[in-house]
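Participant: Take this structure first; my questions come after.
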Amino acid sequence: ESALYVVATPIGNLGDMVPRAVEILQGVDVIAAEDTRHSARLLDHFHISTPMVAYHDHTDEGRTRNMVERIAAGESVALISDAGTPLVSDPGYRLVRLAREAGVKVIPVPGACAMVAALSASGLPSDRFTFEGFLPAKSGQRQNTLKPLAKEPRTMVFYEAPHRIEACLADMAEIFGLDREAVLARELTKTFETIVSAPLSELQTFVASDANQRKGEIVVLVRGHAGPTKDAGLDPEAERIMSVLLKELP
Ligand code: SAM
């Protein structure tokens with residue numbers, strides 16, 4: 001079927017490649033990949049010989065349009081990124097946007113995503129959460145991004161580079177407080193997978209004391225701010241009845 005398929009690939013463990021992803025990558029006319037050299041290894045492993053083209057969000061508008069036109073004309077294209085789900089801190093937004101605007105069918109093929117994997121094993125509240133992606137690289141900008149999140153009640157999920165993890169935890173401790181519960185999820189699905197929950201101050205010590213914790217791929221999750229509990233108040237109907245009754249009082 002002519003469509004743009006948005007295909008998730010593993011985040012480390014090749015066993016996480018879903019059969020439908022293999023089928024679709026084999027069947028499409030072309031695979032648009034973030035880094036064709038990187039993805040060549042994945043395709044090789046699954047004996048997929050579909051031609052690849054490079055795609056990232058800086059790809060010029062003309063080429064993106066051209067790709068959409070080709071799908072509209074009957075070709076099928078699969079979009080993949082280096083790891084996990086495309087568009088999640090990865091390229092693809094402009095292509096998907098243009099495709100949908102052009103009335104081209106966009107079909108997701110779900111699979112691994114570091115954010116979801118980390119959240120699912122974190123033990124932090126997962127009924128509501130906010131994905132913040134990568135924080136700015138410079139401390140000043142990072143703090144400015146974190147400040148408005150100090151009172152955020154939902155669990156927060158961040159991606160962080162290993163060489164910045166110490167500085168990032170320091171800024172988080174400063175803004176969220178030393179006691180705020182956080183989770184470091186490192187090397188998910190891989191040999192050295194580590195998931196540690198602790199107050200930010202303890203996570204800082206943990207990462208500072210072991211160089212291995214400053215390597216690999218990392219998701220940081222922070223528990224939301226525990227404000228005054230909602231249960232303390234009355235529900236709107238009770239509130240309404242109260243105000244009616246109060247008016248009747250002498
Ligand atoms: N699209 C990907 C996804 O679905 O998760 C994310 C791509 S983003 C460029 C890469 C970042 O995701 C890494 O720096 C790290 O923060 C996180 N990440 C990817 N794979 C991971 C893994 N196996 N364990 C922990 N974090 C991972």
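Participant: Rounded to the nearest 0.05, what FRET efficiency do residue 174 and residue 120 give with R0 = 22 Å and r taken as the Cβ-Cβ distance? Could you check? Write down the numbers at each step before the final one.
Facilitator: On the way: r = 29 Å, r/R0 = 1.30.
Given R0 = 22 Å and the Cβ-Cβ separation, E is 0.15.
Participant: How far is it, in nm, from the label point at residue 244 to the one at residue 1 when both lie 7 Å from their Cα along the line to the Cβ?
Facilitator: 5.3 nm
Participant: Now for a different question. What's the center-to-center distance, using Cα atoms, between the range 115-183 and the range 22-76 in Å?
Facilitator: Taking the Cα centre of the range 22-76 as reference, the centre of the range 115-183 is 33 Å away.
Participant: Which whole-Hz ³J(HN,Hα) couplings does the range 74-89 yield from phi under the Karplus relation 6.51 cos²θ - 1.76 cosθ + 1.60, θ = phi - 60°, glycine and proline marked x?
Facilitator: x, 7, 10, 10, 10, 9, 10, 10, 4, 7, x, 8, x, 6, 8, 6
Participant: In debye to the nearest 20, how big a dipole does the range 100-175 give about its Cα centre with +1 on each Lys and Arg Cβ and -1 on each Asp and Glu Cβ? The partial results should precede the final answer.
Facilitator: Details: 9 positive and 8 negative charges, 46 e Å.
It comes to approximately 220 debye.
Participant: Over the chain, what is the percentage of antiparallel beta bridges among all DSSP beta bridges, to the nearest 5? Walk me through the numbers before you get to the answer.
Facilitator: Values: 17 of 36 bridges.
In the chain, DSSP labels about 45 percent of beta bridges as antiparallel.
Participant: Please compute the volume of the convex hull spanned by the alpha-carbon atoms of the range 90-247 and report it per residue in Å³.
Facilitator: Numbers: hull volume 29.8 nm³, N = 158.
Spelled out: Cα convex hull of the range 90-247, divided by residues, is 189 Å³.
Participant: Around residue 32, which amide H atoms from residues at least 5 apart in sequence, or from another chain, sit under 5 Å from its own amide H, with H modelled in the peptide plane?
Facilitator: Here 53, 78, 79, 80 satisfy the definition.
Participant: Out of residues 5 or more away from residue 154 or on other chains, whose amide H comes under 5 Å of its own, with H placed 1.01 Å from N in the peptide plane?
Facilitator: For residue 154, the qualifying residues are 225.
Participant: Still on this structure, please answer the following. Work out the FRET efficiency for residue 209 and residue 73 from their Cβ-Cβ distance, taking R0 = 51 Å, and round it to the nearest 0.05. Intermediate results must be reported in sequence, preceding the final value.
Facilitator: Working: r = 58 Å, r/R0 = 1.15.
The formula returns an efficiency of 0.30 here.
Participant: Here's something else I'd like to know. Determine the calculated [θ] at 222 nm for the chain from helices alone, applying -39500 (n - 2.57) to every DSSP H run no shorter than 4 residues and normalising by the residue count; nearest 500 deg cm²/dmol.
Facilitator: On the way: 9 runs with 92 residues, N = 250.
After summing the helix terms and dividing by residue count, I get -11000 deg cm²/dmol.
Participant: Apply the membrane-span-like helix rule to the chain: whole DSSP H runs, Cα extent along the own long axis of at least 15 Å, mean Kyte-Doolittle hydropathy at least -1.0. List the helices found.
Facilitator: Numbers: long enough: 61-72 (16 Å, -1.06); 165-176 (16 Å, 1.24); 236-248 (19 Å, -0.10).
Counting only whole DSSP H runs, the qualifying helices are 165-176, 236-248.
Participant: Here is a further query. Among 28, 157, 189, whose Cα sits farthest toward the positive end of the charge dipole of the chain (+1 at Cβ of Lys/Arg, -1 at Cβ of Asp/Glu, about the Cα centre)?
Facilitator: Towards the positive end, the residue furthest out is 157.
Participant: Kindly list the residues of the range 86-130 that lie in the label zone of residue 63, defined by a backbone N under 19 Å from the point 7 Å along the Cα-to-C-beta vector.
Facilitator: Taking a point 7 Å out along Cα→Cβ of residue 63, the residues of the range 86-130 whose backbone N falls under 19 Å are 86-87, 90-99.
Participant: How big is the charge dipole of the chain about its Cα centre, in debye rounded to the nearest 20, if each Lys and Arg gets +1 on its Cβ and each Asp and Glu gets -1 on its Cβ? Don't jump to the answer; show the numbers that get you there.
Facilitator: Working: 26 positive and 34 negative charges, 64 e Å.
Here the chain has a charge dipole of around 300 debye.
Participant: Length gain on complete extension for the stretch residue 14 to residue 161, per 0.36 nm per residue less the alpha carbon to alpha carbon distance? Mind showing how you got there, number by number?
Facilitator: Values: separation 147, 0.36 × 147 = 52.92 nm, distance 2.19 nm.
Roughly 50.7 nm would be gained on extension.
Participant: Right, something else. Using alpha-carbon pairs under 8 Å, 6+ residues apart, how would you state the relative contact order of the chain in percent? Let's see the in-between values first.
Facilitator: On the way: 432 pairs, mean separation 48.4, N = 250.
Relative CO of the chain lands at 19 percent.
Participant: Okay, next question. Can you tell me the dipole magnitude for the range 38-92 around its Cα centre, using point charges on the Cβ only (Lys, Arg +1; Asp, Glu -1), in Debye to the nearest 20?
Facilitator: Numbers: 4 positive and 8 negative charges, 26 e Å.
I would put it at about 120 debye.
Participant: Which Cα, out of 225, 213, 201, lies furthest along the positive dipole direction of the range 177-250 (beta carbon charges, K/R +1, D/E -1)?
Facilitator: The listed residue farthest towards the positive side: 213.
All of the numbers you see were taken from the coordinates with simple rules; none came from a lab. For clarity, every value in this text was computed on a predicted model and none was experimentally measured. Using ideal geometry, Cβ is built from the backbone for each residue, glycine included, and neighbour counts are taken over all protein chains shown.
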